[in-house]
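Engineer: One structure is given below, represented as structure tokens, and several questions about it will come after.
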Amino acid sequence: MVALTSMVDYNVEEGVAVLTLNNPPVNALSQGVRQGLKDGVEKALADDSAQAILVFCEGRTFIAGADISEFSSGPMEPNFHAVLSTMDGSPKPIVAAIHGTALGGGLETALCCNYRVAVGSAKFGLPEVNLGLLPGAGGTQRLPRVVGVEKTLAMVTSGVPIGAAEAHKLGLVDQLVEGDLRAEALAFAKDKAAQGGSHPRVRDNDDKLQSAKDNPEIFAATRKMLARKTRGFLAPEYNIRCIEAAVNQPFDEGLKTEGKLFAELMSGPQSQAQQYFFFSERQAGKVPGLAEDAKELPIAKVGVIGGGLMGGGISMNFANVGVPVTIVETSQEALDRGLGTIRKNYENTARKGRLTEEAVEQRCGLIQGTLDMADLADCDLIIEAVFENMAVKKDIFTRLDGIAKQGAILASNTSALDLNEIASVTSRPESVIGLHFFSPANVMKLLEVVRGDKTSDAVIKTGMALAKRIRKVAVLVGVCPGFVGNRILFMRQIEASKLALEGAPIEQVDKVLFDFGFPMGAFQMGDLAGLDLGWDKDNSNPMDVKDRLCELGRRGQKTGAGFYDYDEKRMPTPAPVTAELFAEVAAAQGVTQGDISDEEILDRCLLPMINEGAKILDEGIAVRASDIDVTYVYGYGWPVYRGGPMHYANSLGLDKVLAKIRHYHESTGDDFWAPSPLLVSLAEQGKRFK
Ligand code: T1G
């Protein structure tokens, strides 16, 4: 066994040169791997004792792609393309032995082998689009030649991998392995060497491109199908152009097109943002300072109090991963309604082919209902998901304190209330935590894990691990009104209302935010959430347009009208009454109305969000700036190709952000615009949010 680099060993066994890669955690194509692959193939080609070459990976997976952490340091030798062309030109058969996930550059490496052998659990994908990129090492030219153009378009634009069985059926995998992958792949390589003759190269076979040559409309159809979902993103379109090049250009020309488009994306702001986000999402799960000996608690049975929209959605998350749930409601009618909604949700998913009938039954079977809170006595975790009212929550936690077993975690799904106050009514504040799900709770990826002053490290660790188990992305937040996400959102909504008061039509404000990349604007979002959230009809404020609309029964989408009027498909149209109310309130408050530019609207909506993010960081409510970005992308639809509010501020330059905030602070004299001391300090030192 010869160590070619610290990451790649070389050994000839039974006439096969085995290149063993070992670069934990995912065998990314770091410099040491590329160098070892290059040296290993060259060594094997010159080694008469080797008649074939086997690429095998130790650890949990085959190569999972280029080393994303190396991107920022720019290209380093050896160039990946050089490595692959050495492999692609090998006169000796090269076999890739695949387990885990062959992704991105990993799949591209396997495509430069003559053969691919895989275990049944292996997956194959080109997820570069999730990084704002495209497969830049021949994947867009080779994959269509193996699996066809239609399948490739789906894979590169979604980033979703396919399984080994499908890959085998499509011809991407030559042999599926039941037993020992290395041994069977070695035997496969020996056989191929013994067969002699030439060995297939992906680039030489254009047969599977023919259907797209005959049906070029496939590209327009793909663009049309993806238009809504990929609005604002560059990478999906660039991936499609590369696949078009595979169909319309000779292989080497297509490679050049791929290289040109890859370089454009790599140097652009969208990919920088999405690469940043890739690591930010993973960083969010790491909580510094927790006691090493604090152990994650077992969660085998969950109780949910409240079977409404939130409680039902929350319960589905646990049933989806096989954890039994008991829902408590106050009446049989409410319970039946809640359980019925859950079943309907699962049946809708099954109708779309994303769930089998038996899975629907299995999951519904895991969710039981009861009217008696005492039935939660043996639950490891109990989540309160009732009306946002402190008195109601305190009553529930008081009762829970007497019912729940020792060591049970008591969680509130509150979206803004003081968790410490809720915990104070129990004898076990160390077991109280916030688990703030976002509606629809069974769909939205974000989970704000709220850390109370007395929440124990073990309960925090358990909350963070639980998020991963139910396929959520957790962000640990501190206690303050609105925690991180809603606290920042409140600032945008306040300023959006001021803009409308000053004469900006609400549809203009919403369009500016929609064009920035949000799924919808501030006023449409208000209508979706409901204008009566927190509205007290006995104390309605005539100077608040939202209150005035509620008084008119215009409470949002749910009443067919709010800021906007809605048709039966819930499509919004501007309502004259809204503009009239803003004009009336403006007149009453002596506010002069006029035109406001899109640029000013965008600044006045985003700058308060950034400023509030800086305050949240300064107060220690968020652990790190990137956690705020993860909250905004996964909880509020901030476009991932802009990284999140803090990354966006860094990209603008904190000095420019501060200057604009100071401008509004001076021109309005309103402390709403007082710049965060942290922002001032970082900007004046020429620093960025870390
Ligand atoms: N580069 C660097 N680090 C990576 C990495 C990568 N490609 N993939 C994962 N990691 C780190 C990750 O940050 C984490 O680190 C640890 O590995 C475990 O990851 C030329 C240009 C493979 C499905 O996009 O999808 O090839 O937090 O928590 O949930 O055309 O990681 O422990 O310190 O995600 O089991 C294309 C990205 C790259 C695959 C495993 N490849 N990775 O999921 O673990 S671009 C990708 C994943 C490219 C070529 C182009 C997942 C996974 P830490 P994890 P996991």
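Engineer: Any idea how many residues of the stretch 503-558 are of a type in the set (S, T, N, Q), more than 21 Å from Glu584 (Cβ to Cβ) and at pLDDT below 95? First the steps, then the outcome.
Structural biologist: To start, the set of residues in the stretch 503-558 that are of a type in the set (S, T, N, Q) comprises 508, 524, 539-541, 557.
Then drop every residue that is not more than 21 Å from Glu584 (Cβ to Cβ), which leaves 524, 557.
This time we only want the ones that are at pLDDT below 95, so: 557.
Matching residues across the stretch 503-558 total 1.
Engineer: When residues of the stretch 58-93 are filtered for being surrounded by 14 or more Cβ atoms within 10 Å (Cβ to Cβ) and either within 13 Å of the ligand (Cβ to nearest atom) or free of Cβ contacts under 8 Å to residues at least 60 places away in the same chain (or both), how many remain?
Structural biologist: Number of matching residues: 21.
Engineer: Output yes when any residue across the stretch 262-273 is within 16 Å of the ligand (Cβ to nearest atom), hydroxyl-bearing (Ser, Thr, Tyr) and surrounded by fewer than 22 Cβ atoms within 10 Å (Cβ to Cβ), and no when none is. Can you show your working first?
Structural biologist: Kept after step one, since they are within 16 Å of the ligand (Cβ to nearest atom), are these residues of the stretch 262-273: 262-268, 270-273.
Right, trim to hydroxyl-bearing (Ser, Thr, Tyr) and you get 267, 271.
Now restrict to residues that are surrounded by fewer than 22 Cβ atoms within 10 Å (Cβ to Cβ): 267.
Scanning the stretch 262-273 turns up at least one residue that is within 16 Å of the ligand (Cβ to nearest atom), hydroxyl-bearing (Ser, Thr, Tyr) and surrounded by fewer than 22 Cβ atoms within 10 Å (Cβ to Cβ).
Engineer: In the stretch 240-254, which residue that is out of contact with any Ser or Thr (no Cβ under 8 Å at 6 or more places or on another chain), open to solvent by 50 Å² or more (accessible area, probe 1.4 Å) and of a type outside the set (D, E, K, R) is farthest from Val202 (Cα to Cα)? Break it down stepwise before answering.
Structural biologist: Taking the stretch 240-254 as the starting set, the residues that turn out to be out of contact with any Ser or Thr (no Cβ under 8 Å at 6 or more places or on another chain) are 244, 247-248, 250-253.
Within this subset, residues satisfying the condition of being open to solvent by 50 Å² or more (accessible area, probe 1.4 Å) are 248, 250, 252-253.
Among the residues that remain, those that are also of a type outside the set (D, E, K, R) are: 248, 250.
Details: Asn248: 17, Pro250: 13 Å.
So the residue we want is Asn248.
Yes/no matrix, rows are residues, columns are (1) more than 32 Å from the chain's Cα centre (by Cα); (2) open to solvent by 10 Å² or more (accessible area, probe 1.4 Å); (3) farther than 16 Å from Asn486 by Cβ:
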{"residue": "Val386", "(1), (2), (3)": "no, yes, yes"}
{"residue": "Ile403", "(1), (2), (3)": "yes, yes, yes"}
{"residue": "Ala408", "(1), (2), (3)": "no, no, yes"}
{"residue": "Ala416", "(1), (2), (3)": "no, yes, no"}
{"residue": "Gly434", "(1), (2), (3)": "no, no, no"}
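Engineer: On to the next question. Consider Asp375 carefully, then state whether it is of a type in the set (Asp, Glu) and under 24 Å from Tyr632 (Cα atoms). Break it down into steps so the answer makes sense when it comes.
Structural biologist: Values: of a type in the set (Asp, Glu): yes; under 24 Å from Tyr632 (Cα atoms): no.
For Asp375, the condition - of a type in the set (Asp, Glu) and under 24 Å from Tyr632 (Cα atoms) - is not met.
Engineer: Go over the candidates Lys558, Lys569 one by one and state the one that is assigned to a helix (DSSP H, G or I), more than 18 Å from Lys498 (Cβ to Cβ), charged (D, E, K, R) and open to solvent by 40 Å² or more (accessible area, probe 1.4 Å). Explain how you work it out, then say what you get.
Structural biologist: Details: Lys569 fails: assigned to a helix (DSSP H, G or I).
Among Lys558, Lys569, only Lys558 is assigned to a helix (DSSP H, G or I), more than 18 Å from Lys498 (Cβ to Cβ), charged (D, E, K, R) and open to solvent by 40 Å² or more (accessible area, probe 1.4 Å).
Engineer: Another question, then. Of everything in the stretch 102-124, what is surrounded by fewer than 24 Cβ atoms within 10 Å (Cβ to Cβ) and either more than 19 Å from Leu29 (Cα to Cα) or outside the structural domain of Val156 (by TED's automatic domain parsing) (or both)? Give them in sequence order.
Structural biologist: First, pick out the residues of the stretch 102-124 that are surrounded by fewer than 24 Cβ atoms within 10 Å (Cβ to Cβ): 114-115, 119-121, 123.
Hits for the stretch 102-124 are Asn114, Tyr115, Val119, Gly120, Ser121.
Matching residues to (1) open to solvent by less than 50 Å² (accessible area, probe 1.4 Å); (2) in the same structural domain as Glu253 (by TED's automatic domain parsing); (3) modelled with pLDDT of 95 or more:
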residue	(1), (2), (3)
Leu134	yes, yes, yes
Gln141	yes, yes, yes
Ser158	yes, yes, yes
Ala164	yes, yes, yes
Gly179	yes, yes, no
Ala189	yes, yes, yes
Arg201	no, yes, yes
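Engineer: Yes or no: Val55 touching a residue at least 40 places away in the same chain (Cβ under 8 Å), touching a helix residue (DSSP H, G or I) at 6+ places or on another chain (Cβ under 8 Å), more than 11 Å from the ligand (Cβ to nearest atom) and assigned to a helix (DSSP H, G or I)?
Structural biologist: Values: touching a residue at least 40 places away in the same chain (Cβ under 8 Å): yes; touching a helix residue (DSSP H, G or I) at 6+ places or on another chain (Cβ under 8 Å): yes; more than 11 Å from the ligand (Cβ to nearest atom): yes; assigned to a helix (DSSP H, G or I): no.
So Val55 does not fit the description; no.
The values are calculated or read from the model by the stated rules, or taken from the named source; none is laboratory data. Owing to the predicted nature of the structure, the values given are computational and were not obtained by experimental measurement. Virtual Cβ from ideal backbone geometry, glycine too; neighbours counted across all protein chains shown. Heavy atoms of the whole protein, side chains included, go into the accessibility calculation; ligands, DNA and RNA do not. Shrake-Rupley method; radii C 1.70, N 1.55, O 1.52, S 1.80 Å.
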